[in-house]
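Quick note: the coordinates plus some simple rules give every number you see, no bench work behind them. The shown structure was predicted, so the numbers you read here are calculated from the model rather than taken from an experiment. With ideal geometry, Cβ positions are generated from the backbone for all residues, glycine too; neighbour counts draw on all protein chains shown.
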Amino acid sequence: MREPTSPIAWANFLVTVWGDRFPVDVRTIALEYSKRFPDPIRDVKAAPVGQAFEGALFPLPKSGEWAILYNPEVDVLGRINFTLGHELGHYLNHRHLRAMGFQCSAQAVLGFDADAAARRLEKEADEFASYLLMPITDYRAQIADQIMTLDLLGHCADRYRVSFTAAALKWIQFTEERAVLIYARDGNVLWGRRSDAAKKSGVFFETGMELPGGSLAALGPAAQPGPVGVELGPGVWRRFEPVREMTIFADRYDATISLLILPRKPVFNTGFGEEAVADVLNRFVGRGLSF
Ligand SMILES: [Zn+2]
C-alpha cells in the first residue's frame, strides 16, 4: 500500500484504519503505527518544563528512534490531546526535514513564528491533528440540524477531547452558516477565523481592533447569558447586521473566545453600499491585518 503524501491524507487514512472510536487515542496510534518504520516513536511522555513549549518531537540518541513529549502543565487534557496529534503530524510528515526534531509552543501553533517555512510546517501539523481528532463526517453527524450552542460545542469538545477553541475552529471550517471565531486578549482582537459563507459575503475584521463596547466579550463573564449566547443588534459587531454572540472567558490568559453567528442571508445597507466601500478602503489603507 502506498503511504499518504499530505498531512490531511495521512489523517484521513489513520481515521479509516482506526475506525469510529472517539476520542482518538493518539498515544496508541503513535506507538503502534510507527512500528512499521525503521525509526519508530518509542515513547510518548510528559515532560514538565515550565511554559517553554507545549509539545516536542525529538530524536533519541543513537537509536535513531523518536519520542513525543508534552507539557502536562499546559492547560486542560483537550490541549494535550491536540498537542499529541500535532507532534504525530510532524513525525509522519516532517521528520525527514529536521533531524533535530521540533519544539512547539502556542506561539508557533498560532502561526506567529517569524519564519515562513516553519509556519507552514506548524500549520500542516495542526491540520493533521484537526483532521485526525475531529473527522468532519462524524462532526457533521453530531450537529445534524441543531443550532450551534455552547452546550453543543462542549459536547463535541468532550467527544474529541479537544479544547473549546479547537472544536470551534473545526466547526467554522465546514459549517454553511456565516460564522466567525474571534480570539481577543486584554480587550483587543488577536486573531480570528471566518467560515466560507462569511468570507463569501465579505465579512471581515481586523486584528488589533478593540472589542466592540456592547459585545459580550467586552462586557465580561458576568454578562454570560447561557448556552445560546445573546442576540446583539446591528451596530455592535456588524454595522448593519444583528449577530448572535457566544463567548467563553479564559481567565488564565485574560482571553475571550467569541463565536459570532450572522444571519444566513447577509443584511446590506440599503443606501450606497457605504459599508462595502469602507471595508475596501480599510483593507487597502492597511490599518492592520484583516481576517
Ligand atoms: Zn509544531
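Numbers for the structure displayed
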read-out	value
Helical mean residue ellipticity (222 nm; -39500 (n - 2.57) per DSSP H run of 4+; nearest 500) of the chain	-11000 deg cm²/dmol
Sorted by Cβ density within 10 Å, fewest first, the residues I182, I147, I8, I29	I147, I8, I29, I182
Overall Cα dimensions of the chain, principal axis frame, Å, largest first	69, 39, 39
Under 21 Å from K199, Cα to Cα: lysines that are on another chain or at least 8 residues apart	K123, K170, K265
Cα principal axis extents for the stretch 7-133, largest first, Å	36, 33, 28
Residue-wise HN-Hα coupling along the stretch 57-71, computed from phi with Karplus coefficients 6.51, -1.76, 1.60 (Hz; x: Gly, Pro)	10, 9, x, 7, x, 6, 5, x, 8, 10, 9, 9, 10, 9, 8
Within straight-line cross-link reach of K45, lysines at Cα separation under 18 Å, skipping those fewer than 8 residues along the same chain	K35
Cα-based equivalent ellipsoid, the stretch 1-52: semi-axes from gyration tensor eigenvalues, Å	23, 15, 12
